[in-house]
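So the structure is just underneath, and the comments pick up after that.
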Amino acid sequence: MSSQSVTATIAQLSPRRRGRRRLGGKLVAGLSITGAIVAFGLIAPPFVGDPFLIRPIGITPPSGEFWLGTTQKGQDIFAQLAVSTTNSLLIGVSVGILSLVLAAFFGIVGAYLGRWLDEGFSLITNIALVIPGLPLIIVISSYVEDRGLAVVALILAFTSWAGGARVLRAVTLSLRSRDYVSAARVAGERSWRIIAVEILPNLLPILASSFVFGVVSAILAEAGLSYLGLGVSSDYTWGRMLYEAQMGSALRSGAWWWFVPPGLLIALLGAALSLINFALDEIVNPKLRAPRRVRPVKAIA
């Protein structure tokens with residue numbers, strides 16, 4: 001092989017390998033941080049005490065007995081953090097699944113079947129898009145007294161599926177005209193089988209990216225609602241911990257161990273899931289990958 005051909009081959013392969021390395025780095029970092037937080041939320045709660053238990057000791061700093069100190073009511077902050085991690089992750093995953101199912105139903109099914117069904121689904125999606133999400137969530141939460149995990153998850157899922165449905169509809173309209181889909185339709189395949197076998201596999205990267213984005217948005221939205229006092233009222237979440245720390249003047253009294261742990265976990269999980277989402281976006285659209293300069297290779301004598 002001549003020196004020119006070696007140089008050309010390396011110049012072609014090097015950006016791909018470097019792109020995979022960057023892509024893998026984002027995925028590994030995101031999955032590692034997310035896995036550690038999920039493991040903490042799954043393993044820690046059975047081994048901690050009652051997060052609602054009140055002790056006559058007031059605010060105390062971290063110690064051997066209370067790893068993250070206590071609140072002004074003497075409640076164990078580490079126990080609250082463990083339970084909050086589980087509940088916040090549960091809300092995020094639930095909202096991600098529910099919003100993805102709604103988006104897939106109104107986006108994929110309507111776009112493939114077309115005609116009046118597509119027009120009806122598009123009308124519903126457009127109405128859901130123009131409704132302001134945050135004010136609607138605040139109004140609904142303020143009128144619901146007993147706000148459990150399921151109620152908050154349903155409210156967030158109801159207000160977060162429309163954007164994903166529009167994306168899935170646009171891609172499905174493109175896939176519907178492909179030759180293999182037309183061939184399956186001519187062969188007499190049923191509509192549900194064409195959607196499941198021919199169209200859905202091509203949408204998996206977009207579905208995965210939509211799910212991750214839905215989880216991030218749900219966790220941040222729940223934390224914001226709880227911080228305003230409109231989130232989960234029957235159990236602990238990261239947002240409720242921040243709300244109680246605010247109401248207990250934790251910042252003014254210097255009790256950093258009360259508000260830093262939940263805020264740090266929210267930031268870490270949001271960053272980790274964003275890294276995963278960025279990596280999935282680059283898989284869906286390789287044009288998003290930033291080009292790297294290729295070093296010239298010296299000619300081989």
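The values are calculated or read from the model by the stated rules, or taken from the named source; none is laboratory data. Quantities reported herein were computed from a predicted structural model and do not represent experimental measurements. Positions of Cβ are generated from backbone atoms using ideal geometry, with glycine treated the same way; all protein chains shown enter the neighbour counts. Remember, those area values only see protein heavy atoms, side chains included, never the ligands or the DNA or RNA. Shrake-Rupley method; radii C 1.70, N 1.55, O 1.52, S 1.80 Å.
Out of (1) at pLDDT 85 or above; (2) farther than 16 Å from residue 85 by Cβ, what's the single condition that is false for residue 229?
That leaves (1) as the condition not met.
Sort out which residues of segment 81-93 are open to solvent by 40 Å² or more (accessible area, probe 1.4 Å) and either over 30 Å from residue 55 (Cβ atoms) or of a type in the set (Phe, Trp, Tyr) (or both), and write them in order of number.
93
Would you mind finding the one in 24, 19, 41 that is assigned to a helix (DSSP H, G or I), open to solvent by less than 40 Å² (accessible area, probe 1.4 Å), of a type in the set (Gly, Ala, Ser) and modelled with pLDDT of 90 or more?
Exactly one residue qualifies, and that residue is 41.
Regarding residue 83, is this residue assigned to a helix (DSSP H, G or I), under 16 Å from residue 166 (Cα atoms) and modelled with pLDDT of 90 or more?
Answer is no for this residue.
Taking segment 58-80 as the search range and keeping residues that are in a loop (DSSP other than H, G, I, E, B) and charged (D, E, K, R), which one is least open to solvent (accessible area, probe 1.4 Å)?
Here the answer is 73.
Of all the residues that make up segment 235-283, how many are open to solvent by 20 Å² or more (accessible area, probe 1.4 Å), under 23 Å from residue 38 (Cβ atoms) and part of a loop (DSSP other than H, G, I, E, B)?
Residues that pass the stated criteria total 1.
The conditions are (1) part of a helix (DSSP H, G or I); (2) surrounded by fewer than 19 Cβ atoms within 10 Å (Cβ to Cβ); (3) over 17 Å from the mean Cα position of the chain (by Cα); (4) at pLDDT below 90, and residue 154 fails exactly one of them. Which is it?
All conditions pass for residue 154, except number (3).
The rows are residues; the columns are (1) within 23 Å of residue 239 (Cα to Cα); (2) touching a Ser or Thr at 6+ places or on another chain (Cβ under 7 Å); (3) open to solvent by less than 20 Å² (accessible area, probe 1.4 Å); (4) free of Cβ contacts under 8 Å to residues at least 40 places away in the same chain.
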site: 159; (1), (2), (3), (4): yes, no, no, yes
site: 173; (1), (2), (3), (4): no, no, no, no
site: 192; (1), (2), (3), (4): no, no, no, yes
site: 226; (1), (2), (3), (4): yes, yes, yes, yes
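Does segment 140-151 contain at least one residue that is in contact with a Leu (Cβ under 6 Å, 6 or more places away or on another chain) and without any contact (Cβ under 8 Å) to a residue 60 or more places away in the chain?
Within segment 140-151, none of the residues are in contact with a Leu (Cβ under 6 Å, 6 or more places away or on another chain) and without any contact (Cβ under 8 Å) to a residue 60 or more places away in the chain.
Mind telling me which of the residues 207, 200 ends up being more than 30 Å from residue 244 (Cβ to Cβ) and either open to solvent by less than 40 Å² (accessible area, probe 1.4 Å) or touching a Pro at 6+ places or on another chain (Cβ under 9 Å) (or both)?
Of 207, 200, the one residue that is more than 30 Å from residue 244 (Cβ to Cβ) and either open to solvent by less than 40 Å² (accessible area, probe 1.4 Å) or touching a Pro at 6+ places or on another chain (Cβ under 9 Å) (or both) is 207.
Name the residues in segment 121-151 that are over 19 Å from the mean Cα position of the chain (by Cα), exposed (fewer than 12 other Cβ atoms within 10 Å of the Cβ) and closer than 19 Å to residue 94 by Cα, would you?
Correct list: 146 only.
Among the candidates 186, 216, 167, 232, which residue alone is under 23 Å from residue 132 (Cα atoms) and open to solvent by 70 Å² or more (accessible area, probe 1.4 Å)?
167
Taking residue 106 and the conditions (1) at pLDDT below 90; (2) open to solvent by 30 Å² or more (accessible area, probe 1.4 Å); (3) under 21 Å from the mean Cα position of the chain (by Cα), which numbered condition does it fall short on, given that it satisfies the others?
(1)
Please go through segment 245-260 and pick out each residue that is at pLDDT 85 or above and at positive phi.
Listed by number, the list holds a single entry, 254.
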